[in-house]
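A single structure is presented below for examination.
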Amino acid sequence: MESEEVSLSTSDLEQLNEKVRRLELKLASLQAMVKKIDADAYGLCEACGSEIDIETLSSNPETIFCGQHAPQEGQSPEEPGSNPLSA
């Protein structure tokens with residue numbers, strides 16, 4: 001059987017690479033969630049250890065910060081809004 005040659009533009013390759021990058025990030029996030037579940041730490045804020053509101057977890061199961069430490073709009077998750085541990 002002959003293989004068909006596929007031609008992809010640079011734009012197509014960039015789009016595919018971006019999709020792969022997003023999927024890899026999603027996989028890493030899910031793997032981290034499983035580890036937290038196994039360690040009985042799922043639903044606890046990574047900044048202060050308090051429980052994350054159930055409504056927040058229901059709407060976004062990958063949430064890692066409580067409302068007090070959630071990143072503000074425009075901030076990355078690595079820079080939570082009022083994280084006293086990051087000062």
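What distance in nm separates the two pseudo spin-label positions at Ser58 and Ser29, each 7 Å out from Cα along the beta-carbon direction?
Distance between label points: 2.0 nm.
Also: Please report the base-10 log of the normalised intensity I(q)/I(0) for region 1-64, using a Debye sum with one equal scatterer per alpha carbon and no solvent, at each q in 0.15, 0.21 (1/Å).
Values returned for q = 0.15, 0.21 Å⁻¹ are -0.62, -0.88.
Give me the distance in nm between label points sitting 7 Å out from Cα along the Cα-to-Cβ direction at Thr10 and Ala39, one decimal.
4.3
A short reminder: the numbers here are calculations on the coordinates, not readings from a lab. Here the structure is a predicted model, which is why all the values come from computation and not from measurement. Here Cβ is always computed from backbone atoms with ideal geometry, including for glycine, and neighbour counts include all displayed protein chains.
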